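S.K.: Would you mind keeping the following structure in view while I ask a few things?
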Amino acid sequence: MASTLFGEHTSAEIAKIAKSRRKPVVIVPMGALEAHGEHMPLWSDTIVPFKLAQRVAERTGALVLPPITYGFCYTLRPWAGTVSLKSQTFAMIIRDITRELVRNGFDRILFMNGHGADATICGHVLKELADELKFTACIVSWWEIEGIGVGGHADEGEASLVMSLTGWQKRKSTQAPSHRYFGRVIPMPKDQFSKYGYAGKVGGESAARGRKMEKVIVGKMVELVKANLLLKE
């Protein structure tokens, strides 16, 4: 069976795939490197969409591009380990990757998003590119899929998915206050995240819960790919 990882193919193989009558959807995992509380790894927003993309590709024949490992994550910069790009930098990365994929002959691109702000920037860029390039793209943030049950940043839902997908072991977490605000407040209020760098409920995460989430997410994404990224609600 041919690899579903774009980077594991040779140049000649990719050229052949791009010219095939039923060329695959290309999945671009979008992530970030940022604080996720006491209990989760910094690269959670990258490893989750990458692993999910691999699961989807195994069932659909899609090709998975190496993940975009950095994102726009200014709100988590007060916590150690966060490495943020500027929004303009991230926009240029999306613009260039999309142009290059289309130039290589791939015209259906699924952006599997693992970090909130990335989707907003990506959407603006793709709308502009659609005026000059012929392609179909879809951006999906996994936590927005119905039935997932994620209500915060680095909460027990997200932690469960990381455990399921990567084998990450549960770690100690301390429940501390975080607050939701109506609308988008800029600059971000300091108490929007807990003092540990997460928002929401923690402590109830488990790999078993993550596997249930994974099943729902992957199932929906498989439907999307099989519908050529035009899945009606």
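Throughout, read-outs are computed from the coordinates displayed, never taken from laboratory work. Note that the structure is a prediction, hence the values are computed from the model and not measured. Note that each Cβ is placed from the backbone with ideal geometry, even for glycine, and that neighbours are counted across all protein chains shown.
S.K.: Apply the Karplus parameterisation 6.51 cos²θ - 1.76 cosθ + 1.60, with θ equal to phi minus 60°, to every residue of the stretch 190-207 and state each ³J(HN,Hα) to the nearest whole Hz, in sequence, with x for glycine and proline.
M.R.: Computed from phi, the couplings for the stretch 190-207 are 5, 9, 5, 10, 5, 5, 9, x, 9, 9, x, 8, 10, x, x, 6, 7, 5 Hz.
S.K.: Which of A57, A208, A154 ends up with the largest GNM mean-square fluctuation for the chain, with Cα atoms connected below 10 Å?
M.R.: Looking only at A57, A208, A154, the biggest GNM fluctuation is shown by A208.
S.K.: For G123, what is the net charge nearby, where nearby means another residue's Cβ is under 15 Å from its Cβ and Lys, Arg count +1, Asp, Glu -1?
M.R.: It works out to a net charge of -2.
S.K.: Separate question: Determine Rg/Rh for the stretch 85-216; Rg is computed over alpha-carbon atoms and Rh is the Kirkwood hydrodynamic estimate from the same atoms.
M.R.: For the stretch 85-216, the value is 1.04.
S.K.: A further question follows. If you average the alpha carbon positions of the stretch 172-192 and of the stretch 144-169, how far apart do those two centres end up, in angstrom?
M.R.: Distance between centres, Cα-based: 19 Å.
S.K.: Give me the base-10 log of I(q)/I(0) for the stretch 82-146 at each q in 0.16 Å⁻¹, Debye formula, one uniform scatterer per Cα, rounded to two decimals.
M.R.: Rounded to two decimals, the profile gives -0.53.
S.K.: If I fit a long axis through the Cα atoms of helix 87-103 and take the longest principal axis of the Cα atoms of the chain, what angle between them do I get, 0 to 90°, rounded to 10?
M.R.: Once rounded, the angle reads 20 degrees.
S.K.: Please identify the trypsin sites (Lys or Arg not before Pro) of the stretch 1-44 that satisfy two criteria: DSSP loop assignment and at most 15 other Cβ atoms within 10 Å. Which are they?
M.R.: Those satisfying the criteria are R21, R22.
S.K.: List every residue whose amide H lies under 5 Å from the amide H of I139, counting only residues 5 or more places away in sequence or on a different chain, with H placed 1.01 Å from N in the peptide plane.
M.R.: Hits under the 5 Å cutoff: F111.
S.K.: Now for a different question. Which one of P78, P49, P66 has the biggest mean-square fluctuation once the chain is modelled by GNM with Cα springs under 10 Å?
M.R.: P78
S.K.: From the phi of every residue in the stretch 215-224, what ³J(HN,Hα) in whole Hz does the Karplus formula 6.51 cos²θ - 1.76 cosθ + 1.60 yield, where θ is phi - 60° and glycine or proline is x?
M.R.: With coefficients 6.51, -1.76 and 1.60, one gets 4, 5, 5, 4, x, 5, 5, 5, 4, 4 Hz.
S.K.: Quick one, which of (i) 0.94; (ii) 1.01; (iii) 0.98 is the actual Rg/Rh (Cα atoms, Kirkwood Rh) calculated for this model?
M.R.: Given (i) 0.94; (ii) 1.01; (iii) 0.98, the structure-derived one carries the label (iii).
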